[in-house]
Every structure is written in C-alpha cells, then in structure tokens.
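**Student:** The structure under discussion is supplied below as structure tokens; questions concerning it will follow.
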Amino acid sequence: MGDRQAVSPEAVIESVLSRQRAAYLADINPDLALRRDRLDRLERMILAWQERLAQAISEDFGNRSPVVTTLADIVPTRAAIRHARRHLKGWMRRRRVSLAWTGQPGSALIIRQPLGVVGIIAPWNYPLNLMLSPLVGALAAGNRAMLKPSELTPRFSEVLDAAVKEFFAEDEVAVITGGPEVAAAFSAAPFDHLVFTGSTAVGRKVAEAAARNLTPVTLELGGKSPAIIDASADLDSAVPRLIWGKLLNSGQTCVAPDYALVPRDRVGAFVAAAKAAAERQYPRLSSNPDYTSIISARHFDRLAGLIEEARDKGAEVIELLPGTDAARRILAPVVVTGANDTMALMREEIFGPILPVIPYDTLDEALAFVNARDRPLALYWFGSDRAAEGRVLNGTISGGVTVNDTILHLAQDNLPFGGVGASGDGAYHGEAGFVAMSKEKPVLRQSRLSAVALLYPPYGRVAAMLLKVLAKFG
Ligand code: NAD
C-alpha cells in the first residue's frame, strides 16, 4: 500500500487491472484443479481470519454480534464455496446441443469460458458475504477479481486486504480500498464484468459508468420488500418469523421485509404479536449484545427522521421495545400504523428497524399496492390458502420469494439470487453466478459433408426442391 498512496486511485486500479488481465491472458482457461485450489484457499482464508474479520465488522458497526456475522456472513459464504467446489466439474463441462438442418451433419456445443477480470463492489451491511459470495462465482468460473469494499467498513476492509494478500497473488485477487471517489473510479475501469451490490441510486451511476466500456454488470440493488400476511396466516408462527427477518442486523438487510400488508381486522393482533416476538428475541434491548447498532450517525439520523416525519404527519408510532440510545446508535424497533405515501418511509427503502403496517381489505387490493411500486428485491407471503398463494406468486414480480418465512430464499445455492427492475439486473449464487461470469461460447463444428452446400449457386433443380421442402417444414 505504501507506494500505492502516492499515485491516484485511477492509476492503482489501472495497474492492478492490467496485471490481472496479463495473468488471465497467460492462462485463459484455468483447469479444474486450479479453480478448486482457489476456492480452497478462499475457504482457508475465511477460516484463518474469521475472528479478526468478525471483530473488525463489529467495530465498524459499533456493535454487531459475532453470531450475526457467523450466521449471515461466514456460514453462507462457506456454503457457497463448498457448493461450487462440488458442482464445478459439471458446470465447466462442454454442452452438446442438437442442430438445425443448416448444421447437419456436423455437431454443436457450448463452451463456458472465463470472461477475464471481474470487479466486485460491495456494501457495508454484510460486508464479507456480499464481497466473497460473488468472488466464489468469479473464481469458480476461472476469472481473476478486484474487490472494492465499502468506505463505511474501513476496519473490515483493512483486515480483508491483509487476509487476501496472505492467500492470493495480487494478479489473482486484489482489494482496492477508499471512499466513493475510488468506488466511482473503480466502476469506470474496463472490467470484463462488474458485480455491484448496493443502493438503486448508486447502481444507476455504476450502470452508466460501466456502459461507457460496454462492461456487463450484475446489479444487486435494494428496494421496499413487502411482507403480505394472508387472511389464512397463523399469526403465532408468521409474526416471529417476520420480526426475525426485520430485526436481523437491525433491519440493515437488503431482503429485510420493509413493510407489512395485513388484513384490516387483524392489525391489532398483528401489532400485539410483533411486540411479543420482539420482546422474546431482544430482551433488555439497551444492553443486549445481539442487537446491531446502526452503521453511522448519519444513517441513525435518517431513520430517526423517518419516524419523526411519520409521527408529525399523523401516523401512530408504536415502540415494540424501549431502549433507543443515540450515543450507541441503538434504535429501538417500532411499528408504524397510518403511514401513507406522503411520508418518506413509504417512498424510500427503510433499511432499519421500522415496520410500517398497511391494512388491506382484499387480496387484489394488496397486490395492486405492491404492483404500483418499484419491483421489490424480495416478497414474503404468509398463509395456508394455496389458491391465494398462487395468486400472489403469479400476480407479482420480485427478485425472489420466501413463502411462510423471511430472508431464507437467499441462503439457497440452487436458487439464483438477484433483483428485477429497480431492485437489480442479473443474478448470482451457485450456477447462476458461474454463468453470469462466464462467456457461453457457441461452437459449430462442420462435418466433411455440408447440407448447406446443396444450396450453393448456381441454383438449379436441387435448390428448387429443397426450397419446397423448407417452405413446408421450415
Ligand atoms: P451504496 O449504494 O451507498 O454503496 C455501495 C457501494 O457502492 C459501496 O462500496 C460504495 O463505496 C460504492 N459507491 C459509492 N458511490 C459510488 C459511485 N459513484 N460509483 C460506484 N460505486 C460507488 O449502498 P450501501 O449503503 O453500502 O448499502 C445499502 C444498499 O444496498 C441498500 O439499498 C440495500 O438494499 C442494498 N443491498 C442490496 C443487496 C442485494 O444483494 N441486492 C445486498 C445488500 C445491500
């Protein structure tokens, strides 16, 4: 880092990128053994550094339980590594496909090739998983990668940089640290693919910067993910699951349920169940080490502002638990009833422990409410009425869905993960990540004979006959 600081971020990024690209060109298609070795090293790195990484993350937040970091950062990343390792050979296999008559009697195949150098920009909320899960896909697909962690997790970034240096050569994986200006320079670099995880607003800028290089991007963005409580839902099981998903990391989760749509006659019971669930999960909040601090004073003030504005405009704010402590950036969870679209908390992604509860009378009304907004990253539906479930699944579009729970579709490596519309573009996790960071190259191998040769000019009787057959059978 010493001499890096003397030069501009653009120059550092350019120099690492050109070294990685040269290394890629020297071995365009790393074999199975090398890819497995890189995945193994990534897992060994996580194991060797996990306490230091978790400690750094906790310091960056002010307080975050190592259990949260283990459950939501380390465990899913290690699962992704093992899943990739297990399926890698199959994913790398050439695929034979059948041929139209123009290719007969040749053969056709699809070869999956590494794209080259992948850039990965991650947010601060799950800094390890959101950086290293895309890296699993990148390395499995045979790429090299440059990583740009968030400036809001400076200690984590430092530890990650040291860990990566211990296990990877700089031309395999490198960490670039710095503020938003470094991130902007990073997104303007001519990567072969860019994975961006963060807000929709910054995602727009990243897409613009990448477009100038025609760099393909996977955009993993955010948005307001609804949780719909059906008339058939059992509140005793649904509400603790919803509250768990909302309060994990104090709501600072991309797929956290943002607001709840609740049948009008069940709002009272819902709020009582939410209170009971919050009390059970986070007793004595002000001194509870399981409850995560809000990442910065700026973010704390924004959330406090959302609550204040809603209250000023006539909404009812119901504290689920007492214990707000601004000095430690602990924000006690609240439910808000009577919220409407004049309030910022119904227009912006909340990203904190505030749950607006919107009453509805008919399922159609609830679906119309969801569909009138940007397409969400996640949607949750709770209930036992299969017909209603079918109407929700078919009648809405979102990045992903968990039925009768929250968050968990994200933890399945056989399910592609990604948003749609304002919540993102493209997907990763498991094979989806491998494919996103590969070129699927179609190859036609012509045989010594060629059907098309029958149609070479000069056009005579054979051509006329063939055209007749084609007119009939396509
Ligand atoms: P953010 O958009 O502010 O920052 C994300 C990253 O972008 C950071 O590393 C930052 O350094 C970088 N950045 C900042 N300015 C940039 C620029 N001009 N060009 C390029 N990069 C720039 O997001 P955040 O506050 O760190 O994270 C919260 C948001 O991320 C929420 O909206 C949340 O929903 C979303 N998110 C999405 C997912 C997902 O998987 N879809 C996961 C976690 C978080």
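**Student:** Cβ contacts < 9 Å: first residue open to solvent by less than 10 Å² (accessible area, probe 1.4 Å), restricted to the stretch 162-174; second residue polar (S, T, N, Q), any location; separation 6+ or different chain. Result?
**Tutor:** Between residues of the stretch 162-174 that are open to solvent by less than 10 Å² (accessible area, probe 1.4 Å) and residues that are polar (S, T, N, Q), the close pairs are Val173/Gln20; Ala174/Gln20.
Results for (1) of a type in the set (S, T, N, Q); (2) open to solvent by 10 Å² or more (accessible area, probe 1.4 Å); (3) within 30 Å of Asp312 (Cβ to Cβ); (4) in contact (Cβ under 8 Å) with a residue 12 or more places away in the chain, shown as yes or no for each residue.
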position: Gly352; (1), (2), (3), (4): no, no, yes, yes
position: Leu367; (1), (2), (3), (4): no, yes, no, yes
position: Leu377; (1), (2), (3), (4): no, no, yes, yes
position: Tyr380; (1), (2), (3), (4): no, no, yes, yes
position: Asp385; (1), (2), (3), (4): no, yes, no, yes
position: Gly395; (1), (2), (3), (4): no, yes, no, yes
position: Gly399; (1), (2), (3), (4): no, yes, no, yes
position: Asn414; (1), (2), (3), (4): yes, yes, no, yes
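**Student:** Now for a separate question. List, please: which pairs have Cβ atoms under 6 Å, are six or more places apart or on different chains, and start with a residue in the stretch 13-31 that is open to solvent by less than 20 Å² (accessible area, probe 1.4 Å) and end with one that is assigned to a helix (DSSP H, G or I)?
**Tutor:** The qualifying pairs are Ile13/Ala185; Ile13/Phe186.
**Student:** For the stretch 250-264, does any single residue satisfy the condition of being open to solvent by 20 Å² or more (accessible area, probe 1.4 Å) and touching a Leu at 6+ places or on another chain (Cβ under 7 Å)?
**Tutor:** yes
**Student:** Sort through Leu444, Leu466 and tell me the only one that's free of Cβ contacts under 8 Å to residues at least 40 places away in the same chain and surrounded by 11 or more Cβ atoms within 10 Å (Cβ to Cβ).
**Tutor:** Sole residue among the options that is free of Cβ contacts under 8 Å to residues at least 40 places away in the same chain and surrounded by 11 or more Cβ atoms within 10 Å (Cβ to Cβ): Leu466.
The values are calculated or read from the model by the stated rules, or taken from the named source; none is laboratory data. Source: prediction; values computed, not measured. Please note: Cβ atoms are built from the backbone with ideal geometry, for glycine as well, and neighbour counts cover all protein chains shown. Note: areas computed on protein heavy atoms with side chains; ligands, DNA, RNA excluded. Shrake-Rupley method; radii C 1.70, N 1.55, O 1.52, S 1.80 Å.
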